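The values are calculated or read from the model by the stated rules, or taken from the named source; none is laboratory data. For clarity, every value in this text was computed on a predicted model and none was experimentally measured. Glycine also receives a Cβ, built like all others from the backbone with ideal geometry; neighbour counts cover every protein chain displayed. What goes into the accessible areas is simple: the full protein's heavy atoms, side chains included, and nothing from ligands, DNA or RNA. Shrake-Rupley method; radii C 1.70, N 1.55, O 1.52, S 1.80 Å.
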Amino acid sequence: MTTIIDGNSVAEEIQAGVEDCVETLSAADETPGLATVLMSDDGASATYVSMKQRTCEELGINSFHHEIDPEAPAEELFSKIDELNDDPDVHGILVQMPVPDHVDKRTVLNRIDPMKDVDGFHPENVGRLVAGNARYKPCTPHGVQKILDAYDIETEGADAVVVGRSDIVGKPMANLLIQRDDGGNATTTVCHSRTKDLAAKTRNADLVVVAAGVPEMVDGDMIGEGATVIDVGINRVDADTEKGYELIGDVDFESAKQKAGAITPVPGGVGPLTIAMLMYNTAKAASLQSGVEIDLP
Ligand code: NAD
């Protein structure tokens with residue numbers, strides 16, 4: 001029997017725990033605040049930002065939204081970040097990626113106060129993660145750890161393969177899996193677009209995490225019997241639906257399900273965890289900045 005992982009229920013449980021933290025903070029006059037900044041015309045980016053705002057509202061987190069014209073000079077975004085860095089009501093800052101080509105992404109990440117960097121992408125926070133002393137774990141890989149924990153899937157001693165080496169998913173996922181810590185201690189291989197014979201690597205793995213952005217590239221033939229398959233991919237493909245598209249993962253769910261011991265669907269797998277862990281990091285940011293102690297889930 002293959003376990004179909006229910007990301008929504010794992011996310012709901014975490015959000016309930018975060019809501020308790022928000023209550024504790026609010027009772028001490030330190031209601032967490034998340035600022036979102038959108039500098040894009042892209043519909044998907046706008047949807048992601050509004051989902052984050054909506055979840056803030058549900059959990060009692062203040063949300064402050066700012067939009068910058070995608071044609072505006074980069075300096076306009078930088079000065080908005082400076083303003084948010086100085087605003088005591090804002091504990092977390094999220095600049096929705098991607099930013100336009102004329103804006104240097106690295107400058108954006110470096111400009112955010114590392115204490116308010118709830119995405120965990122500032123070099124200081126990346127360094128802390130690698131050193132095993134994370135302040136804010138990046139939301140998507142942290143969410144994957146929470147899924148594995150919720151389903152009692154042991155990482156210690158497991159052979160893990162991460163497909164993808166991006167700064168936001170692949171690299172931090174691998175870093176979390178190798179830490180000498182709960183949810184870590186895995187023997188981890190990182191595969192990418194130049195990897196030779198990917199199937200030989202994934203087939204031998206106990207745990208496969210796929211974050212490549214290539215629709216259904218990993219199928220059942222590439223999965224070992226009983227392995228755990230975590231599909232991070234979210235790909236919009238044209239379809240005969242009301243919206244004109246559907247979301248599919250990087251894993252061919254139907255064939256991989258025949259082999260896997262446990263597998264995440266798309267949608268309803270990793271996606272809901274990304275937002276839940278952003279809320280978690282925002283509550284943590286408010287706690288670190290105010291000194292009010294909370295009991296994070
Ligand atoms: P990215 O494009 O930055 O990185 C993709 C990585 O995959 C690269 O490192 C590349 O080397 C590797 N890759 C590409 N083709 C490959 C191939 N054929 N074989 C092996 N490796 C290959 O993407 P990203 O930002 O890491 O996102 C990956 C996917 O995850 C996307 O579909 C994205 O939409 C999704 N995503 C989902 C969430 C979520 O909340 N579930 C969050 C972030 C990203």
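Within the stretch 80-135, count every residue that is in a loop (DSSP other than H, G, I, E, B) and either within 21 Å of Arg180 (Cα to Cα) or of a type in the set (Asp, Glu) (or both). Lay out the reasoning, then the answer.
Keep residues of the stretch 80-135 that are in a loop (DSSP other than H, G, I, E, B), which gives 87-91, 96-104, 112-113, 117-122, 131-135.
Keeping just the survivors that are either within 21 Å of Arg180 (Cα to Cα) or of a type in the set (Asp, Glu) (or both) gives 87, 89, 101, 104, 113, 117, 119-120, 131-135.
Going through the stretch 80-135 one residue at a time, the tally reaches 13.
Whether any residue in the stretch 191-201 is surrounded by fewer than 23 Cβ atoms within 10 Å (Cβ to Cβ), away from the ligand (no atom under 14 Å from the Cβ) and more than 17 Å from Gly269 (Cβ to Cβ) is what I want to check.
No - not one qualifying residue is present in the stretch 191-201.
Could you list, in sequence order, the residues of the stretch 116-149 that are more than 16 Å from the ligand (Cβ to nearest atom), open to solvent by less than 60 Å² (accessible area, probe 1.4 Å) and out of contact with any Pro (no Cβ under 8 Å at 6 or more places or on another chain)?
Lys116, Asp117, Gly127, Gly132, Ala134
If we keep just the residues of the stretch 18-37 that are open to solvent by 10 Å² or more (accessible area, probe 1.4 Å) and in contact with a helix residue (DSSP H, G or I) (Cβ under 8 Å, 6 or more places away or on another chain), which is farthest from Glu71 (Cα to Cα)? Even if it seems obvious, please write down each step before you answer.
Of the stretch 18-37, the ones open to solvent by 10 Å² or more (accessible area, probe 1.4 Å) are 19-20, 23-24, 26-31.
With in contact with a helix residue (DSSP H, G or I) (Cβ under 8 Å, 6 or more places away or on another chain) added as a condition, the list becomes 19, 28, 30-31.
Details: Glu19: 37, Ala28: 41, Glu30: 36, Thr31: 34 Å.
The qualifying residue farthest from Glu71 (Cα to Cα) is Ala28.
Only residues that are without any contact (Cβ under 8 Å) to a residue 60 or more places away in the chain and more than 25 Å from Arg54 (Cβ to Cβ): list them for the stretch 260-292, please. It would help to see each step written out before you state the result.
From the stretch 260-292, those without any contact (Cβ under 8 Å) to a residue 60 or more places away in the chain are 266-267, 291; that's our starting set.
Within the stretch 260-292, Gly291 is the sole residue that qualifies.
Considering only residues that are touching an Asp or Glu at 6+ places or on another chain (Cβ under 7 Å), within 16 Å of the ligand (Cβ to nearest atom) and not aliphatic (A, V, I, L, M), which ones fall in the stretch 238-267?
Tyr245, Gly249, Asp250, Asp252, Thr264
Looking for something assigned by TED's automatic domain parsing to the domain that holds Ala160, more than 16 Å from the chain's Cα centre (by Cα) and part of a strand (DSSP E or B) - is there at least one such residue anywhere in the stretch 220-227?
We begin by selecting, within the stretch 220-227, every residue assigned by TED's automatic domain parsing to the domain that holds Ala160; these are 220-227.
Now restrict to residues that are more than 16 Å from the chain's Cα centre (by Cα): 220-227.
This time we only want the ones that are part of a strand (DSSP E or B), so: none.
Scanning the stretch 220-227, I find no residue that is assigned by TED's automatic domain parsing to the domain that holds Ala160, more than 16 Å from the chain's Cα centre (by Cα) and part of a strand (DSSP E or B), so the answer is no.
Mind listing whichever residues of the stretch 154-177 are more than 10 Å from the ligand (Cβ to nearest atom) and surrounded by fewer than 18 Cβ atoms within 10 Å (Cβ to Cβ)?
Glu154, Glu156, Gly157, Asp159
Kindly evaluate Arg194 against the criterion of being under 22 Å from the mean Cα position of the chain (by Cα) and assigned by TED's automatic domain parsing to the domain that holds Asp149. Steps first, answer last, please.
On the way: under 22 Å from the mean Cα position of the chain (by Cα): no; assigned by TED's automatic domain parsing to the domain that holds Asp149: yes.
So Arg194 does not fit the description; no.
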